[in-house]
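Working notes, structure below.
The values are calculated or read from the model by the stated rules, or taken from the named source; none is laboratory data. These numbers were taken from a predicted model, which means no experiment stands behind them. Quick reminder, even Gly has a Cβ in these numbers, built from the backbone with ideal geometry, and neighbours come from all protein chains shown.
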């Protein structure tokens, strides 16, 4: 039984685009442009197998791992009623099958070996003392669905609902995603928190699917699914809903029962993944591949025209060679550290880091003021959970804002550099934009602020007894000296009066102490989190800056290599005999026809794709 997604239009378009890229790479090699051939073949490889990141998110025990197993058609992720996934698990196609433990920066911590270790590693909740507390798992598995280039991300379940900062952390994963599958189950309708999360998720990741799991356990799931569909349509008509049964899927795959498989709902989900997520990813890869073919063909055309002119008119060839030599010198200058775009890159990222840090400080100062104002109005012993949840949630929002600011700022810097390169009039295309999302878990771990608000009822009672005892002793002594006599009831009343006063004073003192503890805990938490986020932000900015620098340098190197290769051919043309010129002209004419044919094909394919 086929577990892959269904074919689509985007898949059909990939073949002619791939053939055009292959023909362009062959022409590049014929012209001695191994650098362009490598670029074209790499772009063709991404077209054949575009990397598509699909994130699965939901609350604890909603069936995320079972859903992933159903998509893959095999029991890969651990499924147990008493345990839940506690780490981020990234699943991709690969052989041999293995599990790798990685730091947030991608460096390898531990290689567990076979997939038998996945259950233990994925369900062991990290602790503060755990050196791998921020690690994620990379699983390489041989699978037909993953072979399409899909990377499935199984996120830790959200305990206690989508609140307390975990919601925002989950949204942070989506900055690196092409699509989202949000998992709920058929035990009840979508909650308000789930609907609010989906609304926010749509703003971060436009391709969102909703799966209702465990429909085989609830006879009235159809009514519930209809109600959920109505809620989703009212908020976002574009969101699609898929009722699923992982148990029926497993039984169908085991028995080869096609009808049972259809009843499981997974074929419909796979079609939805193909149409809503995989096809757009293929379309982006196709657009990039076509762009690379067109850019290479234009370079070929310009170089071959120059050589053709040099072969037919040596004087024009010499003039063209002088112009190319000047352009080569300018390109070599652009590779220097003092080049205008290099200065703009450094200044741009310095300003970006300063701006993001300033906005982060302002946001955290506002958070501290707001929380301290609440502490002054409330008793932390009664509202601490809500206070901690708000602090954590707003801190997670601040971390996500850092990501957005870095990504938006980097895009703006790239646009400014592309404009500067365009002014050079050297045919330098914009730098290739590699996806470089920042992993939110590397910025901040979303732990809650802690404060020890111990029960103080015993201390309060003791203070009351001490006040009552003191009052009775004092009045007893005074009345004895004055020769007066109070009844036992009067002395008890006096004791109650003094004890109540002492009790009120003790409660005020303890409330003041609790507020002070809460303020200190919040300040310490914000300071620690601010340090984590700021350092990780600077590290991420340096990595983004490096990627932009390498992308621009790659483009400049391509243009420089084009000038060098053309100059070499012009020099050869100047030294060639008449017979050699005629033979070379025929060869150049054939190559020029191929280059122009590639340009026409790229334009035609772009028209069909659009």
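Quick grid of which residues meet (1) touching a helix residue (DSSP H, G or I) at 6+ places or on another chain (Cβ under 6 Å); (2) modelled with pLDDT of 90 or more; (3) part of a helix (DSSP H, G or I):
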| position | (1), (2), (3) |
| --- | --- |
| 302 | no, no, yes |
| 315 | no, no, yes |
| 322 | no, no, yes |
| 352 | yes, yes, yes |
| 375 | yes, no, yes |
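Within the set of pairs 6 or more residues apart or between chains, which connect a residue that is under 16 Å from residue 358 (Cβ atoms) inside segment 532-549 to a residue that is at pLDDT 85 or above and surrounded by fewer than 16 Cβ atoms within 10 Å (Cβ to Cβ) with Cβ atoms less than 9 Å apart?
Close Cβ pairs satisfying both conditions: 534/361.
Determine, yes or no, whether residue 283 is in a helix (DSSP H, G or I) and without any contact (Cβ under 8 Å) to a residue 12 or more places away in the chain.
Working: in a helix (DSSP H, G or I): yes; without any contact (Cβ under 8 Å) to a residue 12 or more places away in the chain: no.
Spelling it out, it is not the case that residue 283 is in a helix (DSSP H, G or I) and without any contact (Cβ under 8 Å) to a residue 12 or more places away in the chain.
Give me the residue from segment 258-279 that is assigned to a helix (DSSP H, G or I) and in contact with a strand residue (DSSP E or B) (Cβ under 8 Å, 6 or more places away or on another chain) and, out of that set, surrounded by the most Cβ atoms within 10 Å (Cβ to Cβ). Write out each step before concluding.
Step one: list which residues in segment 258-279 are assigned to a helix (DSSP H, G or I), which gives 258-264, 266-279.
This time we only want the ones that are in contact with a strand residue (DSSP E or B) (Cβ under 8 Å, 6 or more places away or on another chain), so: 268-269, 272-273, 276-278.
Working: 268: 15, 269: 22, 272: 22, 273: 24, 276: 18, 277: 24, 278: 27.
Ranking the qualifying residues of segment 258-279, first place goes to 278.
Residues to consider are 245, 255; find the one that is surrounded by 22 or more Cβ atoms within 10 Å (Cβ to Cβ), more than 29 Å from residue 606 (Cα to Cα), at pLDDT 85 or above and in the same structural domain as residue 177 (by TED's automatic domain parsing). Before the answer, list the steps.
Details: 255 fails: surrounded by 22 or more Cβ atoms within 10 Å (Cβ to Cβ).
Criteria check complete, one pass: 245.
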